[in-house]
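The values are calculated or read from the model by the stated rules, or taken from the named source; none is laboratory data. All values derive from a computational prediction rather than experimental measurement. FYI the Cβ positions are ideal-geometry reconstructions off the backbone, even for glycines, and counts take in every protein chain you see. SASA here: full protein model, heavy atoms, side chains in, ligands and nucleic acids out. Shrake-Rupley method; radii C 1.70, N 1.55, O 1.52, S 1.80 Å.
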Amino acid sequence: VSELARAAWTSRFAIETEATTRFAELARRLHASGAPADLADLALRASRDELRHAAHCQRFASLHGAAALEPKTHLVEYAPGSLSPSQRLLYEVVAQCCVAETQSTATLVTLLSAAKGTELKAVLQELARDEVQHGRLGWAYLAWIRDRQDLRFLGALLQPMIAGSAGPDMFNPVSPEADSQELLVHGVLPLSTRQQLYVETLETVILPGFAEFEIDTTAARAWLQSRCQQAAHPNA
Ligand SMILES: [Fe+2]
Ligand SMILES: [Fe+2]
């Protein structure tokens, strides 16, 4: 369990440090694109939040035996290169905020209800509070831009976007170790809970959110359903 907890906090550290860089870049691009100043400010604040989150992750990773971790400062652009600059910015905001931050809010809220220990609870609470704001930035940006830019191109891109956010091990077969309920005590979700929450958050929050902006979610839903079927019948 301690090994899995160390791995989870280590990978969270990487995600938080990457998000620090991503939000700083998003703040710059939002500002340059003429988006409202409060949205660019939210991104800048998010960048500072993520730096603070990374420090918490380092502390919990160390608690489980990890050495000093190397921050991930290399900026990766996930948007397809074929998009226009304004579409690429929209893609990055949506992928980071509407998808990744909404997923991490759901994860943290679930963890919070099961976590033990005052320090862990306080950290999870702080993270959850901030990630909610980071998610809101995405939905607020969509609401602002919908009258200025055609959002329909996102429909065909949602499936690879959400698949990317799942990470490489989300749909791994569930081993007893990876599914140990003891992980919850250390602020880590057992794998089957993680899978269930990932699907539920997409189906009940993220995809309905996109549908409200008239972005076509059909392909994303079909992909999600086939992933669930595969997970239920791995040899079919
Ligand atoms: Fe964070
Ligand atoms: Fe965040």
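Dividing the alpha-carbon radius of gyration of the stretch 61-195 by the rule-of-thumb value 2.2 N^0.38 Å gives 1.23. Maximal additional length on extending the Q181-E203 stretch stands at 5.5 nm, based on 0.36 nm per residue less the C-alpha distance. Summary of packing: across the peptides 7-19, 28-40, the per-residue average of other C-beta atoms within 10 Å ranks them, highest first, as 7-19, 28-40.
Using a Förster distance of 25 Å, how high is the FRET efficiency between A222 and D150, based on the Cβ-Cβ distance and rounded to 0.05?
With R0 = 25 Å, the Cβ-Cβ based efficiency is 0.60.
Solvent-accessible surface of the chain, averaged per residue with a 1.4 angstrom probe and all protein chains in place: 49 square angstrom.
Working note: Cα gyration tensor of the stretch 43-114, eigenvalues times five, square-rooted, sorted largest first, giving semi-axes of 28, 17, 11 Å. Report the far tail of the P(r) of the stretch 1-132, meaning the percent of Cα-Cα pairs longer than 17 Å. Here the tail beyond 17 Å accounts for 60 percent of pairs.
For a protection proxy built on the mean count of beta-carbon atoms within 10 angstrom, sort 124-130, 102-108, 73-79 highest first, please. Present the calculation step by step, with values, prior to reporting the outcome.
Values: 124-130: 18.1, 102-108: 22.4, 73-79: 11.7.
By packing density, highest mean first, the sequence is 102-108, 124-130, 73-79.
With helices as the sole contributors, the chain gives -21000 deg cm²/dmol at 222 nm; each DSSP H run of n ≥ 4 counts as -39500 (n - 2.57), and the sum is divided by every residue. Pairwise Cα distances in the chain exceed 22 Å in 54 percent of cases.
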